[in-house]
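Remarks on the structure that follows.
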Amino acid sequence: MNPDPVSNESRSAIVITVEGLGARWLEPWGCGSVRTPAVNRLAAEGILIENSQAIRGGAGSQWKQWLDPAGSGATGWLDSLRNSGRITVLMTDSASVASACEPHFEEVVELEPLVVSSLADSWTGTQLLNFFAGAAELARTLPEQGTLLWIHSAGFHLPWDAPWEMRLAAKGEDDPDPPDSAGPPWFESGSGEAFTNDLITGWQQALAAQIHVFDLALAHLLEIILDPESFSAVPLVCLAGTGGYGMGEHHRIGPNEPGLYYDEYLHVPLVCRFPDTDFRNFRLQQLMSVDRLPAIVRGWMEGERPEEILNPTVFPERSNHFLLAHSSGARMIRTSAWKLVLRGKERQLFLKPDDRWDRNDVANLCRDVAGILENLIDQFPGSTGEIIDGPAFPLPDLLIPGIA
């Protein structure tokens, strides 16, 4: 391994988090219907977590965890960075996130979202481009060394204003025209709206256009912050989501909410581009919660190397840890090979990673697995988080490799 030329004091980080951004709609996670070259660039130049999960049920609860990972309410990791002389800045277009973060960051820059009632004339007039262009300008004004800039957008929970031409570009030859509304969609079967395949297809086309706009806006930001002529001290760059957006799977179109434990909501991007390391185009298959983001950022800024930050639960051949989630009368447990969802007396079991989007419930076919998982989750009543395997909770082999 080459020695790290970046001193601890000069290390900086830029974190980009977006609400409603699911991994399913990005090329590095297998999407073939939307081009995402900017996200591709981060994945090609960094470490991509293949199975990253947002288990908190929304941006509010996710930020609560990010700000206070230990749940102690005591002086947190951001205060530790500030006390060591680092600069911590948050930029957001979410008033609720700005309010929650104001006591923790040295500076909070809130950019009020555009008032949008119709589609933009071009992608350069969209609110995502406006936001990321503002973030790029803010990055230029901050010290290059010893700075954490966290860029958070309400993203896909704000109006979808990608231009009409982009929506039409995502349309198939025999598809009806996509909807022309700028409001983010919310439909559920049985809600009174005709929940048809045409409805689902049309809004998927609208989402594809919105993803395209996001990627163009991200590309604009990356051109600035990864330009060695603009920034001599290239930062760690992380991209993550706080939860995906359902697009017709499980009879629903809408944002993630507590208790929705299907992977269209849980499976989110997590990419870390470490500067000047040997880790390029490196894909990690293991399971990880986006709760880990503060540990990754703090570890980097305090002098750790990528393999130290992600070791020991990421690099082993098999992952022995598991994720738990609890909310709204539902519970979930996820290992590298299985996911069990409990709602009252109902239980659903999905084989991972084969059943990527939770289509086939095998609880009645694999009752032994479902029983083992239910007994395990009962040992953690009301818990949400990532449990690192240890002597107290060794996972049976059946829960790790799944069905060969």
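The values are calculated or read from the model by the stated rules, or taken from the named source; none is laboratory data. Not measured: the values here are computed from a predicted model. No Cβ is skipped: glycine too gets one built from the backbone with ideal geometry, and neighbour counts run over all protein chains shown.
General observations
- Contact map, the range 168-181: first residue touching a residue at least 60 places away in the same chain (Cβ under 8 Å), second residue in a loop (DSSP other than H, G, I, E, B) and hydroxyl-bearing (S, T, Y), Cβ cut-off under 9 Å, separation 6 or more or different chains; pairs are A170/S33; D180/S118.
- Taken residue by residue, the range 91-114 has at least one member that is more than 22 Å from the chain's Cα centre (by Cα) and either crowded, with 16+ Cβ neighbours inside 10 Å or in contact (Cβ under 8 Å) with a residue 60 or more places away in the chain (or both).
- Any hit, the range 364-386, residues being under 30 Å from R86 (Cα atoms), at pLDDT below 95 and in a helix (DSSP H, G or I): no
- Considering the range 156-270, there are no qualifying strands (runs of 3 or more DSSP E) wholly inside with 1 or more residues that are farther than 27 Å from N51 by Cα, at pLDDT below 95 and among the basic types (K, R).
- Among the conditions (1) farther than 26 Å from S61 by Cβ; (2) assigned to a helix (DSSP H, G or I); (3) of a type in the set (F, W, Y), F279 misses just one, which is (2).
- Matching option when the condition is part of a helix (DSSP H, G or I), touching a residue at least 12 places away in the same chain (Cβ under 8 Å), under 29 Å from C31 (Cα atoms) and out of contact with any His (no Cβ under 7 Å at 6 or more places or on another chain), among A136, A120, A43: A43
- Boolean, S181 is of a type in the set (S, T, N, Q) and either outside the structural domain of M166 (by TED's automatic domain parsing) or in contact with a helix residue (DSSP H, G or I) (Cβ under 6 Å, 6 or more places away or on another chain) (or both): no
- Check on R56, among the basic types (K, R) and assigned to a loop (DSSP other than H, G, I, E, B): yes
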